[in-house]
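**Student:** Okay, here's the structure, questions in a sec.
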Amino acid sequence: MKKLSILLLGIFMFAKTAVAGPDEATAFVSKLANEMIVDVLSTQKPMTEKLDLFRTKFQSAIDLKFVGQFVIGTYWRKATPAEREAFLTAFMDFATKSWADKFNLYNGQKITFTGTRPAQKGQFYVDSTIENNPPAEVIWRVREKNGTYKIVDIVVEGVSMALSYRNEYSSFLQKNNGNLSALTKELEQKSKTFQFSEQK
């Protein structure tokens, strides 16, 4: 009986692990993209209200700590827990506004998903096209952990969110002697004065 229980447990664990894959990654991104871009940003609500709804979807889908560590690189290890937390809060607020603004310009156009490719271990690239004029290619990089998917990068027309932020923040930190608090204040100011683009 004990051997049977162990065998059944092993089969269950294998089956649970096997669930994670390209189809699930695509389903996660498809649902998220439609909720953020079509269901939220294409509405006729004021931008402030749309931003609140977008923030809820976007922040729950981002692997914030993973992305935050990546965009400041080695400076993460040198920072105190309080400095890290303050940076992540400021970074998430600014990134939310930046991506709400980018996606809002597409005005709820149809999103077509064209395939999924493996990236690093536990990660996938989910390819999509926003049927704009001209069409815009959007690649979503997602990370799977314990059956849960999170976004770790968004690449629009060949421009990577994570790499762009990493290059910008690394340059800032180098010029400011690695002062993460100074970068946090810079992001807070940018977020405070952020101006949304006007739709054409």
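**Student:** Return the calculated 222 nm mean residue ellipticity for the chain, to the nearest 500 deg cm²/dmol, obtained by summing -39500 (n - 2.57) across DSSP H runs with n ≥ 4 and dividing by the residue count.
**Tutor:** -17500 deg cm²/dmol
**Student:** Something else: Could you give each residue of region 138-152 its phi-based ³J(HN,Hα) in whole Hz, using Karplus coefficients 6.51, -1.76, 1.60 with θ = phi - 60°, and x for Gly or Pro?
**Tutor:** 3J(HN,Hα) across region 138-152, in whole Hz: 10, 10, 9, 9, 10, 10, 9, 9, 6, x, 10, 9, 9, 7, 10.
**Student:** Another one. Putting +1 on Lys and Arg Cβ atoms and -1 on Asp and Glu Cβ atoms, find which of Phe54, Ala100, Trp140 reaches farthest to the positive end of the dipole of the chain.
**Tutor:** Trp140
**Student:** Here is a follow-up. Which residues does the label zone of Gln195 cover in region 79-110, counting backbone N under 16 Å from a point 7 Å along Cα→Cβ?
**Tutor:** 98, 101-102
**Student:** If Lys and Arg each add +1 and Asp and Glu each add -1, what is the summed charge of the other residues whose beta carbon sits under 10 Å from the beta carbon of Ile139?
**Tutor:** Net local charge, Ile139 excluded: -2.
**Student:** Determine ³J(HN,Hα), in whole Hz, for all residues of region 178-183 in sequence, where each value follows from phi through the Karplus function 6.51 cos²θ - 1.76 cosθ + 1.60 and θ = phi - 60°; x replaces Gly and Pro.
**Tutor:** Working through the residues one at a time gives x, 7, 5, 4, 5, 5 Hz.
**Student:** State whether region 156-200 is rounded, prolate or oblate according to the following rule on the C-alpha gyration tensor (a ≥ b ≥ c being the square roots of its eigenvalues): a/c under 1.5 gives rounded; otherwise a/b larger than b/c gives prolate, and the remaining case gives oblate.
**Tutor:** oblate
**Student:** Taking R0 as 22 Å, what FRET efficiency do you get between Gln120 and Asn179 from their Cβ-Cβ distance, rounded to the nearest 0.05?
**Tutor:** Given R0 = 22 Å and the Cβ-Cβ separation, E is 0.10.
**Student:** In addition: At a Förster radius of 45 Å, what calculated FRET efficiency corresponds to the Cβ-Cβ distance of Glu49 and Ser160, to the nearest 0.05?
**Tutor:** Between Glu49 and Ser160 the formula returns 0.95.
**Student:** Turning to a different aspect of this structure: Just check region 68-123 against the gyration tensor rule for me: Cα atoms, a ≥ b ≥ c as the square roots of the eigenvalues, rounded for a/c under 1.5, and otherwise prolate or oblate depending on whether a/b exceeds b/c.
**Tutor:** oblate
**Student:** Take the alpha carbon gyration tensor of region 92-160, find the square roots of its eigenvalues, order them as a ≥ b ≥ c, and report rounded if a/c is under 1.5; if not, report prolate when a/b exceeds b/c, else oblate.
**Tutor:** Note, shape of region 92-160 comes out oblate.
**Student:** Cα-Cα over 32 Å: which of Lys50/Lys150; Lys145/Lys192; Lys145/Lys175; Lys50/Lys185; Lys121/Lys185?
**Tutor:** Distance filter (> 32 Å) returns Lys145/Lys192; Lys145/Lys175; Lys121/Lys185.
Every number in this text was worked out from the coordinates using simple rules, so none of it is lab data. Please read these numbers as outputs of a predicted model, since none were measured by experiment. Please note: Cβ atoms are built from the backbone with ideal geometry, for glycine as well, and neighbour counts cover all protein chains shown.
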